[in-house]
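I have placed the structure first, in the form of structure tokens, so that the comments after it can refer back to it.
The values are calculated or read from the model by the stated rules, or taken from the named source; none is laboratory data. These numbers come from a predicted model, not from an experiment. Here the Cβ is made from the backbone with ideal geometry for all residues, glycine too, and neighbour counts use every protein chain on show.
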Amino acid sequence: MMDYHTGEIEVQVQANVREEAKRVSKIIREDMPDVAARFMEQQIMVLLGVVDEEGLVWSTVMYGKPGFVKALDAQTLFVSTLPHPSDPVMKAIRNGQPIGILAIEFATRKRMRVNGVISQVHMDGFHVTTREVYSNCPKYIQARTFLGFMEKRSLVTTHSTEIDQELQAKLQRCDTLFIATYHEERGTDMSHRGGPPGFVQQIDEHTLVIPDYPGNAMFNTLGNIKLHSQTGLLFLDFETGDFTQMNGHTTIQWQGTEKWLTFHVNHIRRVAGGFPLRWEFGSYSPFNPNHA
């Protein structure tokens, strides 16, 4: 069972779910039960969230054949790969750095969060000592089946500080994103957001609005944002095998108990060929608003 920090409690109170959040906190533990360890080892991709030396929060995707993430014991994971040297996440893969890991299985709509600290870094990967381990509900996960790895292309990386028309068109089709946040004592957290295509709204070249749909009532993401606005977004393109990382600041807007995240872009990194996994779309989540 976990004690919530002040940011999480403030959001829970404002959303009128404080008692529910207290009950749900019982699922969080420091170690990995057997079922969680096996789930992690079956994955072909994990999402990472980190905070770098400058205090910037970034997220990225890492992938490999099942077993590339290994549970060495109840509180130790070994990830047997590293981000590309040009990935801003790589700068934060250092001993003692907090890290948030999300494993998500789109076909079954299962997901597991593992928050911890990097304990050892090697030439071929890194160890993580777990602090918080818990599963999440299947809400807003679009079903997709993994078909295999694409033939690798040369990575082409571009950087910008604003959303251009090409990226805008991709965001209009987006049904899935990932968000990394940070708390000075609790460390980094990596979470999933999903919805119908177009659920991410662009306000201008530097601003996105993301609805926050009802979830597990813990508000780990929003609680972190309440105290530390630095945020890292990650968008995966399931058709092309590309991905987009964004770093920026996020604020929370409320109307009654409904809420939205307003993300202000600082930096955008687009990586063509950085997500060479093939997928077959299955179905949208039945929890999506306006689901037909």
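Matching residues to (1) among the aromatic types (Phe, Trp, Tyr); (2) over 23 Å from Gly187 (Cα atoms); (3) modelled with pLDDT under 95:
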{"position": "Asp212", "(1), (2), (3)": "no, no, no"}
{"position": "Ala217", "(1), (2), (3)": "no, no, yes"}
{"position": "Asn224", "(1), (2), (3)": "no, no, no"}
{"position": "Phe238", "(1), (2), (3)": "yes, yes, no"}
{"position": "Met246", "(1), (2), (3)": "no, no, no"}
{"position": "Gln255", "(1), (2), (3)": "no, yes, yes"}
{"position": "Phe275", "(1), (2), (3)": "yes, yes, no"}
{"position": "Arg278", "(1), (2), (3)": "no, yes, no"}
{"position": "Phe287", "(1), (2), (3)": "yes, yes, no"}
Among Met112, Met32, the single one that is of a type in the set (A, V, I, L, M) and either without any contact (Cβ under 8 Å) to a residue 12 or more places away in the chain or in a strand (DSSP E or B) (or both) is Met112
Consider Ala37 carefully, then state whether it is modelled with pLDDT of 95 or more and either within 27 Å of Ser229 (Cβ to Cβ) or under 17 Å from the mean Cα position of the chain (by Cα) (or both).
no
Residue satisfying condition, being surrounded by fewer than 18 Cβ atoms within 10 Å (Cβ to Cβ), among the hydroxyl-bearing types (Ser, Thr, Tyr) and in contact with a helix residue (DSSP H, G or I) (Cβ under 9 Å, 6 or more places away or on another chain), within set Ser135, Ser191, Ser154:
Ser135
If we scan region 118-126, do we find a residue that is of a type in the set (Gly, Ala, Ser), on the phi > 0 side of the Ramachandran plot, more than 16 Å from the chain's Cα centre (by Cα) and buried (at least 16 other Cβ atoms within 10 Å of the Cβ)?
yes
Select the strands (runs of 3 or more DSSP E) contained entirely in region 207-280, then report the ones holding at least 3 residues which are of a type in the set (Val, Ile, Thr) and either in contact (Cβ under 8 Å) with a residue 24 or more places away in the chain or surrounded by fewer than 19 Cβ atoms within 10 Å (Cβ to Cβ) (or both).
207-211, 243-255, 258-272
Are there any pairs, at least 6 apart or on different chains, whose C-beta atoms fall under 8 Å, with the first in region 173-188 and assigned to a helix (DSSP H, G or I) and the second at pLDDT below 95, and if so, which?
Arg173/Gly198
Please work out if Ile118 is touching a residue at least 24 places away in the same chain (Cβ under 8 Å), aliphatic (A, V, I, L, M), within 29 Å of Glu239 (Cβ to Cβ) and assigned to a strand (DSSP E or B).
no
